[in-house]
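Take a look at the structure set out below.
The values are calculated or read from the model by the stated rules, or taken from the named source; none is laboratory data. Everything numeric in this text was worked out from a predicted model, so none of it was measured. Cβ sites come from the backbone with ideal geometry, for glycine too, and all protein chains shown count toward neighbours.
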Amino acid sequence: MGTVTIGVSIAVPEPHGSLLQQLRAGFGDAAAHGIPTHVTLLPPTEIDEAMLPAVEMHLTEVAAAGRPFPMRLSGTGTFRPLSPVVYVQVAEGAEACTWLQKQVRDASGPVARDLQFPYHPHVTVAHGIDDEAMDRAFEELADYHAEWPCTGFALYEQGADGEWRKLREYVFGGAVVPPQAARVERGSIPAP
């Protein structure tokens, strides 16, 4: 057994995910089609393949402790000049995402790791492309808006071809949010 590169994220559901992926490709980001549209909880992390069962068990426990929460994307932001990224902002659900990523990277868990930058939940729409295209992405998506009930997250593996593929989904507390209860009360995610 060798090593694998994994990531954990909240998928942006359809039709929003495909739309943002197409827009990202349209801005000239060559990586767009190999990366499902998402909010990162664990950035690309190399692990020994033998650790996958332990990672899956850990993520099952994290999901069991979580609760559905409203996610809302609105407007754009950028990490420039520190990092060549333009993103759509997580306007609602950021606190819950922050709590989740801390649980995923828990020091006692199998994927404990430090981050290169402080955690900031977002949806990347342009990365590493020329400044003019980055400016265009920032301006064209300034009025972008989407919302949905977040009911879980997923584990992904990066293939040898550079594409990310879903290995498994994890549902919060084993419950599905019915449409009439899509807007959950604030504070439904346990405090860290």
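At-a-glance table
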| item | result |
| --- | --- |
| Residue in the stretch 3-40 that is farthest from residue 53 (Cα to Cα), counting only those that are of a type outside the set (Gly, Ala, Ser) and in contact with a Phe, Trp or Tyr (Cβ under 7 Å, 6 or more places away or on another chain) | 13 |
| Candidate set: the stretch 147-163, residues that are modelled with pLDDT of 95 or more and more than 15 Å from residue 69 (Cβ to Cβ); chosen: the one surrounded by the most Cβ atoms within 10 Å (Cβ to Cβ) | 156 |
| Flag for residue 35 being of a type outside the set (Phe, Trp, Tyr), buried (at least 17 other Cβ atoms within 10 Å of the Cβ) and either modelled with pLDDT of 95 or more or more than 15 Å from the chain's Cα centre (by Cα) (or both) | no |
